[in-house]
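The next block holds one structure in the form of structure tokens; read it before the comments.
The values are calculated or read from the model by the stated rules, or taken from the named source; none is laboratory data. Just so we're clear, the structure is a prediction, and the values are computed from it rather than from any experiment. Cβ: placed from backbone, ideal geometry, glycine included. Neighbour counts: every protein chain shown. Side chains are part of the model used for accessible areas, which takes the heavy atoms of the whole protein and leaves out ligands, DNA and RNA. Shrake-Rupley method; radii C 1.70, N 1.55, O 1.52, S 1.80 Å.
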Amino acid sequence: KLREEKEMEELNELQQGYYHLKEHKFSEAKALFEKVNAEKEDAAAYIGILLAESGMQNENQLSELPLPLASYGVYRKAYACAGRGYKNTLDDIEKKQKDILARKEKKYQSLLRDVRDEKKSEEEYESLISRAAELKDYGNARSLREELQNELDVMKAEKAAKKKKRRKITLPVIVVVVLALIVAALIFCFPKRGDVRYALTVHGYVTAGADN
């Protein structure tokens, strides 16, 4: 802890903010970045705020945001006050994000088409849920994943209920069949002709008795 405090003392407020991001201390980081901007607007501080609000640790993760970077007000402020070198860095991140979003959109539209299929097996549901989870917060992928999971849970519950019902019906049927076989065996082993009943032995049928 003392070492951490010493390291913090050697950093300025902007650097401390990025240090907190690295440590997943997002609220502390955001407070520091806002303090920096209160004194003088700083592009890196605005980007730091965006990272803190998004639960991210460094600029390389900005390309993973679900919406175009230019749609975030704090990003536009960062770009407006950035120097040429930092703008080039942000341009590269934007380009990378555009490529990622284009691929996600393709996957998203494919997912929507497949979801519209009325009949789905459990395996198909699980595949769709996995694909939606991969898209994270893109579009309405998150709510779509939850909806698919609910439908799958209902399908499994209905399948289990039908299986239980079949077992309840099957058991009495088996009992009846077994009893019928026992009766048939008894009739075969102890046939009756007139008033005389016979029994089946290794020597063939012999008289077992006569009914009065």
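For the stretch 88-103, the condition of being in contact (Cβ under 8 Å) with a residue 40 or more places away in the chain and open to solvent by 20 Å² or more (accessible area, probe 1.4 Å) holds for none of the residues.
Just need a number here: residues in the stretch 67-109 that are out of contact with any helix residue (DSSP H, G or I) (no Cβ under 8 Å at 6 or more places or on another chain) and in a loop (DSSP other than H, G, I, E, B). Going through the stretch 67-109 one residue at a time, the tally reaches 1. Within the stretch 35-58, the set of residues being touching a helix residue (DSSP H, G or I) at 6+ places or on another chain (Cβ under 8 Å), open to solvent by 50 Å² or more (accessible area, probe 1.4 Å) and assigned to a helix (DSSP H, G or I) comprises 35, 53. Looking at this structure, is residue 117 charged (D, E, K, R) and within 20 Å of residue 152 (Cβ to Cβ)? For residue 117, the condition - charged (D, E, K, R) and within 20 Å of residue 152 (Cβ to Cβ) - is met.
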